[in-house]
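The values are calculated or read from the model by the stated rules, or taken from the named source; none is laboratory data. In this text, all values refer to a predicted model and were calculated from it rather than measured experimentally. Cβ coordinates were reconstructed from backbone atoms using ideal geometry, including for glycine residues, and neighbour counts include every protein chain displayed. Please note that ligands, DNA and RNA were not included when accessible areas were found on the heavy atoms of the full protein model with its side chains. Shrake-Rupley method; radii C 1.70, N 1.55, O 1.52, S 1.80 Å.
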Amino acid sequence: MMRFILSAVVAISVLLLSVQTASAAGTILPGLYQLHDHGEGNVGPDYGLRVDSIGALFSVDLGSAYVTLDWDGGTTATITGQVYRVYFGEMWDVDYTITGITAVGTLGFTATGGSGTLTDPSNNVSAITGLQNGDGDAFVFLADGHRLTGDDDTPVGRGWLLPPDATDDWLVRAELIPEPASLALLAAGGLALFTRRR
């Protein structure tokens with residue numbers, strides 16, 4: 001019987017996870033997002049960050065790269081983690097703060113600035129700074145499937161970086177990371193329901 005209950009709890013947890021993910025389609029709510037290579041970059045393999053000014057192309061998926069965007073609904077957000085330098089096989093640390101955020105309903109946000117660092121394996125630090133486009137945006141994070149054919153819902157982040165004479169930019173897809181506490185609470189509720197029915 002215990003095996004049945006555990007199987008039921010696992011099934012409910014998977015179901016709740018899929019419902020939470022589905023409910024996020026077409027919206028960006030405050031939370032923690034895992035970033036992925038966009039797939040529509042115009043050089044080399046898919047990438048998440050291109051910094052031509054230092055001759056570097058970075059993936060947020062390859063190797064052991066893992067990068068998150070954390071937004072609490074306020075006027076700042078952070079991008080942190082490790083990116084993979086394509087063609088060189090190196091892991092670099094990234095720490096970038098997006099500033100001047102304005103929410104766009106439930107579709108996400110636009111931002112007027114940003115700054116941060118890229119640190120190579122030898123601990124050499126390169127500064128990266130946001131550059132505003134013609135609309136005054138230095139970073140846009142919207143659930144609009146930007147440059148994803150036939151997809152109008154996937155959250156996409158894109159941002160521009162100094163200097164203006166090189167292609168330095170972010171181009172990422174994003175996936176909401178469910179809060180472990182929320183999933184645990186929902187799973188516990190499912191377990192209580194099964195126990196009470198029994």
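Here are the numbers:
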| read-out | value |
| --- | --- |
| Lys/Arg +1, Asp/Glu -1 at C-beta; segment 45-123 dipole; positive extreme among Gly108, Gly55, Ile79 | Gly108 |
| Residue order for Glu179, Glu90 - accessible surface, 1.4 angstrom probe, largest first | Glu179, Glu90 |
| Vicinal HN-Hα couplings computed from phi for segment 65-79 (Karplus, 6.51 cos²θ - 1.76 cosθ + 1.60; Hz; Gly/Pro x) | 4, 7, 10, 10, 10, 10, 10, 9, x, x, 8, 9, 8, 10, 10 |
| Rounded Å value of the spacing that divides the Cα centres of segment 154-178 and segment 24-96 | 7 Å |
